Amino acid sequence: MIAITDIPNWLLLTIAAIIILAVLLIFFWFNKMNKELKDILQKSDELNNAIETEKLKFKHQLDLIFDSIKDGVLIVDENGIILHANVTVKKWFNFPESIAGKNILNILTTPFLDTFTKLLRSENPDAETDIEFRNPTNCNLHIERSVIKQESGGIYGIVFIVRDQTRLMTLEKTRQEFVANVSHELRTPLTLIKGYVETLLDGAKDEPQTSVRFLETIKKHSDRLNFLIDDLLTISTLESGEVKLNFQTHKLREIVNDVINDLKVRAEENNTIIHNQLDDTIDAFVDPERIKQVFYNLIDNAIKYGKNSGNVWIECQKNESVLKVGVKDDGPGIPPEARDRIFERFYRIDKARSREQGGTGLGLSIVKHIVQAHSGKAWVESQFGKGSIFYFTIPTTKKI
Ligand code: ADP
């Protein structure tokens, strides 16, 4: 056996040096690893923070997108826990500001509670329903439900799209009223025509005087049908918004003179004197045929509803680039409650008088539409018992 004393000093020193070197190496390596580990941990923290910031940014962007949608968007999980609700939903359902994580069935109130309970439990993945509520916004809501499926087949959530369709319902109501009015307006002259034809066939045709009288009445009612259909076609063209106006600079006085000429016989029958007070220098930038119809309807009304042996004045004021035109009469005037309504389709103050005069109830509605197509507006001012002035505005020059 070799004793330590037998090992030469130089060998011992070498071994000792190797051991010290190894220890030092291990120490430095450990230090280095420690530092690298710390760096990795720091980087991982930074990465985590960056991911959190990106997540918040993404959520914020998603909120902005959902909030910019006019419809209400509500997303819940299959148990009703709220995952997202946009501002519209919060406003309509009166939700508190922070609602994520709450169950909709705990925060909804009637009438929404019943509706959402049914929708949430519905077996139909695309169930939808309408709900009308009077307070606080007085609107008709349409709620559509769709299920968000996970790739695994499970349910991630349920999306409710809530749409305000009050305007749509109002339009639908107006359309139904219009169809009912048109049917009624068409039926009245048709029934009369049929009645007179049947009476003629039953024997009245053999009495020459009676048959002439009946045939004249039939002609009067068929004329009325014709006027009605013409006016309906005009209204439908104007309301379609597809009407192309043939704008040109035109002397307003000339248009009015044409109308006065067309209405000469009617005015003479009523002994009405029409005063065209428009200056020859007044130019308007209009579709002359359409504006002629506006003057025709207003002057015709002034003759029809004005007094016998009365007067009609056509006047105009120029204001910067707009002309304010007035058609004035000294007839009975218009009661205050009817002034806004007479521009509505088929509204008449005295139905029998309007029909007697061959009116369709659409004249002022046509006036309003034509004036609006010229970017103007039409209205009436009247002193009950003392006459009315129908005003409308039109441009003098082309808008740049
Ligand atoms: P109508 O075919 O019945 O004349 P309008 O739309 O032209 O339809 O007019 C609607 C209603 O407004 C008329 O029925 C009439 O009652 C009233 N009206 C219009 N113009 C005058 C007027 N100058 N004076 C009094 N009432 C008028």
Inset, instruction - Could you tell me which numbered condition S375 fails, if it satisfies all but one of (1) surrounded by fewer than 19 Cβ atoms within 10 Å (Cβ to Cβ); (2) over 22 Å from D262 (Cβ atoms); (3) near the ligand (Cβ under 10 Å from one of its atoms); (4) polar (S, T, N, Q)? - result: (3)
Inset, instruction - Please go through the range 309-357 and pick out each residue that is closer than 13 Å to F390 by Cα and in contact with a Cys (Cβ under 8 Å, 6 or more places away or on another chain). - result: K324, V325, G326
Inset, instruction - Report, by residue number, each residue of the range 221-254 that is surrounded by 16 or more Cβ atoms within 10 Å (Cβ to Cβ) and either touching a Cys at 6+ places or on another chain (Cβ under 8 Å) or more than 30 Å from S375 (Cβ to Cβ) (or both). - result: H221, R224, L225, L252
Legend entry - Among (1) under 26 Å from I303 (Cα atoms); (2) loosely packed, with under 14 Cβ neighbours inside 10 Å, the one test that V259 misses: (2)
Inset, instruction - With a cut-off of at least 2 residues that are aromatic (F, W, Y), name the helices (runs of 4 or more DSSP H) lying wholly within the range 77-167. - result: 112-121
Legend entry - Residue satisfying condition, being touching a helix residue (DSSP H, G or I) at 6+ places or on another chain (Cβ under 6 Å) and modelled with pLDDT of 90 or more, within set V23, V73: V73
Legend entry - Odd one out for G359, checked against (1) surrounded by fewer than 20 Cβ atoms within 10 Å (Cβ to Cβ); (2) within 26 Å of L238 (Cβ to Cβ): (1)
Legend entry - Test result for S321, surrounded by 18 or more Cβ atoms within 10 Å (Cβ to Cβ), under 33 Å from the mean Cα position of the chain (by Cα) and either away from the ligand (no atom under 11 Å from the Cβ) or not hydrophobic (A, V, I, L, M, F, W, C) (or both): no
Inset, instruction - Name, by its number, the condition in (1) within 8 Å of the ligand (Cβ to nearest atom); (2) without any contact (Cβ under 8 Å) to a residue 60 or more places away in the chain that does not hold for G361. - result: (2)
Legend entry - Cβ-Cβ under 8 Å pairs, at least 6 apart or on other chains, the range 298-316 side within 21 Å of I370 (Cα to Cα), far side in a loop (DSSP other than H, G, I, E, B) and of a type in the set (D, E): C316/D279
Inset, instruction - Could you please find all residues in the range 261-290 being among the aliphatic types (A, V, I, L, M) and within 16 Å of the ligand (Cβ to nearest atom)? - result: L263, A267, I273, I274
Legend entry - Identity of the residue in the range 107-123, loosely packed, with under 14 Cβ neighbours inside 10 Å and in contact with a strand residue (DSSP E or B) (Cβ under 8 Å, 6 or more places away or on another chain), that ends up modelled with the lowest pLDDT: P111
Legend entry - Within the range 234-256, tally of residues that are free of Cβ contacts under 8 Å to residues at least 12 places away in the same chain and more than 19 Å from N297 (Cβ to Cβ): 4
Legend entry - Count of the range 324-352 residues which are at pLDDT below 95, charged (D, E, K, R) and near the ligand (Cβ under 7 Å from one of its atoms): 2
Inset, instruction - With the condition kept exactly as written, say whether any residue in the range 387-396 is within 25 Å of the chain's Cα centre (by Cα), of a type in the set (G, A, S) and within 9 Å of the ligand (Cβ to nearest atom). - result: no
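The values are calculated or read from the model by the stated rules, or taken from the named source; none is laboratory data. Note that this is a predicted model, so its numbers are computed, not measured. Positions of Cβ are backbone-derived with ideal geometry, glycine not excepted, and every protein chain shown enters the neighbour counts.
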